[in-house]
Amino acid sequence: MKRTLAILAMFAAWGICACAASPQATLSPGESDPGDRELQRGIYWYHQGCTRKALDHLRAAHELYSLADRQAGVARSLIGLANLYRQTDNPENALLFYDAAASAARRCDEQTTVAQALSNKAAVLIEAGDLSLAETLLNEAQLACRKPGSATAMILNYRAVLSMKARRYDEAWAFLDKAESSGAETPSTVAATIRFTRGKIRMWTGDYEQALDLFQQALERDRRMGFARGMADDLLAMADVHERMGHNEDALDCLERGLKIHALMGRRQIVMDNLDRLASLAEQTGSDARVSVHYINQWLAGERVDVICR
């Protein structure tokens, strides 16, 4: 399940289905608040898959907001940190930080930020299979978030995911239609998330050609935004569809590309869960994946150039 890995118009996009928003969305050109600058940098590095650097900037943002007693900023920085923990497969810390973010946002009556924290927490619970509590949180988030925009769009996207898991596909599709009319085109990664969810519905209902088209649309948007996790999840989803269609060479291509990105981001569990599958597809197609596996193992061991993260 994707994306997930949201603030202002942006943090809502960091969620269940591999999506986030543009790092440029945080500040207007004239702003120079040091906490805002650190938060923007943290989001930028998060998109690039540079976990350590993102963590440094998000912690700095939290410290600056705390020092200035800016609770709205504290809440946004905590959501960023929670998203980062979620990306690095630490759901326990993610849940803890989303709760702290919601508390900080309530203290300053930032209802949209409350909604973002609750909806992102719901996304983690959906991934863990706690659908009942996730639905309760989404109800609360929707009550808090009354304005159209990306936060509302992501809440509706998560509702669609819940409906999809219950095999209520028409209901899920309707939620996604509402999400798109709620401002999903800005930022573009929110649009990518919704296309990804649509692709999942089409895949689960056997409409593989349409699913591939939707995943490709999501990939193009994530690529334009430079959102590494989104691209990786899009590629793995495309690999799933190709494999179901018996297109093993295309499945291998997408799987290799997606696993390389996940390995560069340090997402060990996803990579380890798919290495045998990679080897099987390589064998079936008569391909040699040893070079890719070599680099994937190096990157998982922390041996990466990090030129992007400098």
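The values are calculated or read from the model by the stated rules, or taken from the named source; none is laboratory data. Because the structure is predicted, anything quoted here is derived from the model rather than measured. In this analysis, Cβ positions are derived from the backbone assuming ideal geometry, glycine residues included, and neighbour counts consider all displayed protein chains.
For every residue, the table says whether it meets (1) assigned to a helix (DSSP H, G or I); (2) within 22 Å of Leu235 (Cβ to Cβ); (3) among the charged types (D, E, K, R); (4) out of contact with any helix residue (DSSP H, G or I) (no Cβ under 7 Å at 6 or more places or on another chain).
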position	(1), (2), (3), (4)
Arg106	yes, no, yes, no
Asp109	no, no, yes, yes
Ala134	yes, no, no, no
Leu156	yes, no, no, no
Ala172	yes, no, no, no
Ile194	yes, yes, no, no
- Message: Any residue at all in the stretch 75-89 that's more than 19 Å from Thr189 (Cβ to Cβ), at pLDDT below 95 and of a type in the set (Lys, Arg)?
- Response: no
- Determine which member of the set Gln216, Gln298, Gln284 is under 29 Å from Ala191 (Cα atoms) and of a type in the set (S, T, N, Q). Gln216
- Among the residues of the stretch 95-117, write down those that are in contact with a Phe, Trp or Tyr (Cβ under 7 Å, 6 or more places away or on another chain) and either within 15 Å of Arg59 (Cβ to Cβ) or surrounded by fewer than 24 Cβ atoms within 10 Å (Cβ to Cβ) (or both). Phe97
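Among the residues of the stretch 45-68, is any closer than 27 Å to Asp222 by Cβ and in contact with a His (Cβ under 8 Å, 6 or more places away or on another chain)? First the steps, then the outcome.
So the first thing to find is which residues in the stretch 45-68 are closer than 27 Å to Asp222 by Cβ, and the list is 45-62.
From what is left, the residues that are in contact with a His (Cβ under 8 Å, 6 or more places away or on another chain) are 45.
Yes, the conditions are met somewhere in the stretch 45-68.
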- Condition broken by Ala172, with the remaining ones in (1) closer than 24 Å to Met203 by Cα; (2) crowded, with 17+ Cβ neighbours inside 10 Å; (3) within 17 Å of the chain's Cα centre (by Cα); (4) modelled with pLDDT of 90 or more satisfied: (3)
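When you go through Lys147, Lys121 one by one, which is the residue that is at pLDDT 95 or above and among the basic types (Lys, Arg)?
Working: Lys147 fails: at pLDDT 95 or above.
Among Lys147, Lys121, only Lys121 is at pLDDT 95 or above and among the basic types (Lys, Arg).
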- Under the condition of being of a type in the set (D, E, K, R) and over 30 Å from Ala54 (Cα atoms), which residue from the stretch 201-239 is surrounded by the fewest Cβ atoms within 10 Å (Cβ to Cβ)? Glu209
- Message: Can you find a residue that is within 17 Å of the chain's Cα centre (by Cα), of a type outside the set (S, T, N, Q) and surrounded by fewer than 16 Cβ atoms within 10 Å (Cβ to Cβ) anywhere in the stretch 73-84?
- Response: no
- Message: Exactly one condition in (1) out of contact with any Asp or Glu (no Cβ under 6 Å at 6 or more places or on another chain); (2) surrounded by fewer than 24 Cβ atoms within 10 Å (Cβ to Cβ) is false for Ser163; which is it?
- Response: (1)
